[in-house]
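Undergrad: Once you've had a glance at the structure underneath, I'll fire off some questions.
We did not get these values from a lab; they are worked out from the coordinates using the rules stated. Because the structure is a prediction, the values reported are computed rather than measured. All Cβ positions, glycine included, derive from the backbone under ideal geometry; neighbour counts span all protein chains shown.
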Amino acid sequence: MDDNPSLQRTGPSRRELLAAGLGSALLLGAGPAPEEKRMLTRPIPRTGEQLPAIGLGTWQTFNVGATPKERAPLKDVLKRFLERGGRVIDSSPMYDRAEQVVGELLGELDQSRTPFLASKVWTMGRAEGVQQMTSSVQRMGHGRMDLMQVHNLVDAKTHLATLREWQQAGRIRYVGVTHYQPSSFEQMEKLVRQEALDFVQLPYSIVQRDAEARLLPACADQGVAVLVMSPFEQGGLFEKVRGKPLPPWAAEFDCTSWAQYFLKFILGHPAVTCPIPATSNPKHLDDNLKAGFGRLPDDKMRAKMLKHLGL
């Protein structure tokens, strides 16, 4: 699952934190990134293809109806995301209408900026998987898909065989697996070491660091790219810093908000390719994207970041 900080029920809103933080006046605009200030990129180990460091999840946030009022903020989010240099957009048939909404809104935008589209297969059986993936490719990608992942390892052996066939036939470019529970990390590690995967999607945050023990090192060893879900713990991290000012030394790694603090901590791990926070709020998107610019914390600074939050 991805994050949706705008759906918090308690604690401070992103708007409140931005207004109180150091970076409220320094958030990115929606225009194209200057040539000298492009978003940081990370390579996909299998191919060397570079991906921008901050992606976009769609869980809950893109599951909306067809009215202009519902879709206007999401169209703005996608427009800003692509203009600022973002590419990775992740969805799933599990997210109800999200794939369709993404596909339709992308069709209304400037086609000169090509997103990196990722979705998932989430069903049992080969025939059912083929049918579901075919629908996803049409709904979200209008016939194309960069990455297809086995969602939560559901019938992984069956679907990975199909995905290999699709990859060889050029129907998809990359193959991966996902799971949202650390209890499944052992199984994911086995697949990483046995299946020559291109991608793994896993939960990782400044407070949920189980992946550091074995799974992230395994991905680094085996040359597997890592997408990070739940970077804000479904908004819970903003509750944790309620009333706390951003430390002044955050400027040492070009951080101007708590959202950037949390995302830059994740990007400070060398095995991470791209966190994918979800949002339907254009201002939150701008804030998230800022984490992909400037310096990142090294190991010493990441330890300081943890200590500052009592972790």
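Undergrad: What is the angle, in °, between the Cα long axis of helix 68-83 and the longest principal axis of the Cα atoms in the chain? Nearest 10 is fine, range 0 to 90.
TA: That helix lies at roughly 80 degrees to the long axis.
Undergrad: Taking Cα atoms, how many degrees apart are the long axis of helix 126-141 and the longest axis of the chain, rounded to 10 and kept between 0 and 90?
TA: Helix 126-141 and the main axis of the chain meet at about 50 degrees.
Undergrad: Neighbouring Cβ atoms within 10 Å as the yardstick, rank Lys307, Lys240, Lys120, Lys79 fewest first.
TA: Details: Lys307 9, Lys240 16, Lys120 27, Lys79 19.
With the fewest neighbours first, Lys307, Lys240, Lys120, Lys79 line up as Lys307, Lys240, Lys79, Lys120.
Undergrad: Let a ≥ b ≥ c be the square roots of the eigenvalues of the Cα gyration tensor of the stretch 218-311; is it rounded (a/c under 1.5), or, if not, prolate (a/b larger than b/c) or oblate? Each step should come with its number before you reach the end.
TA: Details: a/c = 1.59, a/b = 1.21, b/c = 1.32.
Here the stretch 218-311 falls in the oblate category.
Undergrad: Next question, about the same structure. Counting only residues 5 or more places away or on other chains, whose amide H sits under 5 Å from the amide H of Val150 once H atoms are built in the peptide plane?
TA: Val121, Gly176, Val177, Thr178
Undergrad: Compute the separation of the alpha-carbon centres of the stretch 151-181 and the stretch 224-245 and state it in Å as a whole number.
TA: 27 Å
Undergrad: Just to be sure I understand: with springs between alpha-carbon atoms less than 10 Å apart, which residue in Glu212, Glu49, Glu189 has the highest mean-square fluctuation in the Gaussian network model of the chain?
TA: With Cα springs under 10 Å in the chain, the top fluctuation among Glu212, Glu49, Glu189 is at Glu49.
Undergrad: Please say if the stretch 262-311 is rounded, prolate or oblate, where rounded means a/c under 1.5 for a ≥ b ≥ c the square roots of the C-alpha gyration tensor eigenvalues, and otherwise the choice is prolate for a/b larger than b/c and oblate otherwise? Kindly include the intermediate steps, with their values, before the conclusion.
TA: Numbers: a/c = 2.21, a/b = 1.68, b/c = 1.32.
Taking the square roots of the gyration eigenvalues as a ≥ b ≥ c, the stretch 262-311 is prolate.
Undergrad: Which of the residue pairs Lys75/Lys300; Lys69/Lys120; Lys75/Lys264 have a Cα-Cα distance greater than 31 Å in the structure shown? Display every interim value, and only then the final one.
TA: Details: Lys75/Lys300 39 Å; Lys69/Lys120 28 Å; Lys75/Lys264 26 Å.
Result: Lys75/Lys300 exceed 31 Å.
Undergrad: Can you give the % of DSSP beta bridges in the chain that are antiparallel, to the nearest 5?
TA: Numbers: 3 of 27 bridges.
Antiparallel bridges make up about 10 percent of those DSSP assigns within the chain.
Undergrad: Further question on the same structure: What is the helix-to-structure angle for 98-107, meaning the angle in degrees between its Cα long axis and the longest Cα principal axis of the chain, kept from 0 to 90 and rounded to the nearest 10?
TA: So the inclination is approximately 80 degrees.
Undergrad: Let me ask something additional. Where is the GNM fluctuation largest for the chain (alpha-carbon springs, 10 angstrom cutoff): Ala225, Ala98, Ala169?
TA: Result: Ala169 has the largest fluctuation of those listed.
Undergrad: Which of the three applies to the stretch 240-292, rounded, prolate or oblate, going by the alpha-carbon gyration tensor with a ≥ b ≥ c and a/c under 1.5 meaning rounded? Spell out each step's value before the answer.
TA: Numbers: a/c = 1.75, a/b = 1.08, b/c = 1.61.
It is oblate, given that a/c is not under 1.5 and a/b is not larger than b/c.
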